[in-house]
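Each remark here refers to the structure printed beneath this line.
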Amino acid sequence: MSLDFPVGARSLASDARPWEDVDAMPNAPLKRSNDRMIAGVCGGLAEWLGWPADRVRVAYVIVSILSAAFPGIIIYLLLWLLMPDADRA
């Protein structure tokens, strides 16, 4: 069985995997946000991903708690140090 698609047509498989679409990936540099509660790390991740900041914060807290909280705190501190501030980027 041969599946021939006309030029420019997209297959259903490519529609089911938006993470493989290079045009959909964020092009902006990852930076801390002015929408901050502590250091702007979760707000910056939310802006970069195009997600609401509250959802990223809740997800980060849940993942941190499920990983015994200590690795989540270390990763947050590392991101705070490594991500440029929104004003300087």
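The values are calculated or read from the model by the stated rules, or taken from the named source; none is laboratory data. Keep in mind it's a predicted model, so treat the numbers as computed, not measured. Heads up, the Cβs are rebuilt from the backbone with ideal geometry, glycines too, and the neighbour counts pull from every protein chain shown.
The set of residues from region 54-74 being surrounded by 15 or more Cβ atoms within 10 Å (Cβ to Cβ) and within 21 Å of Ala28 (Cβ to Cβ) comprises Val56, Arg57, Tyr60. Does region 46-53 include one or more residues that are part of a loop (DSSP other than H, G, I, E, B), modelled with pLDDT under 75 and either of a type in the set (Ser, Thr, Tyr) or surrounded by 10 or more Cβ atoms within 10 Å (Cβ to Cβ) (or both)? No; the residues of region 46-53 include none that is part of a loop (DSSP other than H, G, I, E, B), modelled with pLDDT under 75 and either of a type in the set (Ser, Thr, Tyr) or surrounded by 10 or more Cβ atoms within 10 Å (Cβ to Cβ) (or both).
When residues in region 54-87 are screened for being within 14 Å of Arg32 (Cβ to Cβ), of a type outside the set (D, E, K, R) and not in a helix (DSSP H, G or I), 3 of them pass.
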